[in-house]
1. Is it the case, given these coordinates, that I86 is open to solvent by less than 90 Å² (accessible area, probe 1.4 Å), free of Cβ contacts under 8 Å to residues at least 40 places away in the same chain and closer than 26 Å to L23 by Cβ?
2. When the residues of the range 4-63 are narrowed to those that are open to solvent by 80 Å² or more (accessible area, probe 1.4 Å) and assigned to a loop (DSSP other than H, G, I, E, B), which ends up nearest to I154 (Cα to Cα)?
3. Does S93 satisfy being under 16 Å from the mean Cα position of the chain (by Cα) and of a type outside the set (D, E, K, R)?
4. Please work out which residue is farthest from G12 (Cα to Cα), limiting yourself to the range 71-83 and to residues that are surrounded by 11 or more Cβ atoms within 10 Å (Cβ to Cβ) and not hydrophobic (A, V, I, L, M, F, W, C).
5. Report every pair of residues separated by at least 6 positions or lying on different chains whose Cβ atoms are under 9 Å apart, first residue within the range 118-137 and touching a residue at least 12 places away in the same chain (Cβ under 8 Å), second open to solvent by 100 Å² or more (accessible area, probe 1.4 Å) and not hydroxyl-bearing (S, T, Y).
6. Residues of the range 57-83 being without any contact (Cβ under 8 Å) to a residue 24 or more places away in the chain and in contact with a His (Cβ under 9 Å, 6 or more places away or on another chain), which ones?
7. If I filter the range 89-108 down to residues being in contact with a helix residue (DSSP H, G or I) (Cβ under 8 Å, 6 or more places away or on another chain) and part of a loop (DSSP other than H, G, I, E, B), which single residue comes out as nearest to L20 (Cα to Cα)?
8. Do you know which of the residues in the range 109-156 that are in a loop (DSSP other than H, G, I, E, B) and either of a type in the set (V, I, T) or under 16 Å from S54 (Cα atoms) (or both) is most open to solvent (accessible area, probe 1.4 Å)?
Amino acid sequence: MLKVFLLGAVFGAVMQLGFLDRLSKVIGAFLLKDLTIPKALMVAMGVGAVLLYSAEYFGLIHFHIKPFYPVGVALGGLVFGVGMVIVGYCPGSMPEAVGEGRMDALLGIISGVIGGIIFTVYYPVYHNSFLHGETLGAFTVTDLLGLEGLSKLITGIALGMTFVLLAFLIDRLERKYILKEDIEIKSEVLN
């Protein structure tokens, strides 16, 4: 329990220090005007991949991969995106926002719990409907490449570092194009 609390505290601190829970950041990400959130997600995925593949290689963890479910991923992404636009928060940033006293995030949490209950109640109907679709098996990129052992670790680290480097590349492009455009717009307004 203490580990979970400490991990949550670190997560909340990073979210708050990076202003990742702000509506302006969410709107900026959707409008491709402020790429702070996508960059943070890429760094998190990259570091996570490096840590997970390393932990698996050294026998500290074992992956339990769920089957790839394209229809579920598409529907879940749609619901997630629409909910994020309506509420203005990512589910991970809502508890942090409530902790800062922003009660609009509390409404998002309550709505999410109600939505989860409704989905749970109606899941059997959904599961047996034509909307459910097929799963494509449980696999990872390294499984598709047929990698094991050290080659799997090296590939996992390379994939993770690719995400981190991509985040830095996007940051550089953002500074070059998006921020330059904002400065030009502000100077036009002042003149």
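The values are calculated or read from the model by the stated rules, or taken from the named source; none is laboratory data. The shown structure was predicted, so the numbers you read here are calculated from the model rather than taken from an experiment. Neighbour counts are summed over all protein chains in view; Cβ atoms, including those assigned to glycine, are modelled from backbone coordinates with ideal geometry. Ligands, DNA and RNA are stripped out before the accessible areas are found, and what is left, the full protein with its side chains, is counted by its heavy atoms. Shrake-Rupley method; radii C 1.70, N 1.55, O 1.52, S 1.80 Å.
1. Answer is no for this residue.
2. That would be F58.
3. Details: under 16 Å from the mean Cα position of the chain (by Cα): yes; of a type outside the set (D, E, K, R): yes.
Criteria met by S93.
4. G72
5. Within 9 Å, the pairs are T135/K66.
6. none
7. First pass over the range 89-108, keeping only residues in contact with a helix residue (DSSP H, G or I) (Cβ under 8 Å, 6 or more places away or on another chain): 89-100, 104-108.
When the remaining residues are screened for being part of a loop (DSSP other than H, G, I, E, B), the result is 89-93, 100.
Values: Y89: 9, C90: 9, P91: 12, G92: 10, S93: 7, E100: 13 Å.
Filtering the range 89-108 for residues that are in contact with a helix residue (DSSP H, G or I) (Cβ under 8 Å, 6 or more places away or on another chain) and part of a loop (DSSP other than H, G, I, E, B), the one nearest to L20 (Cα to Cα) comes out as S93.
8. Per the criteria, the residue is E148.
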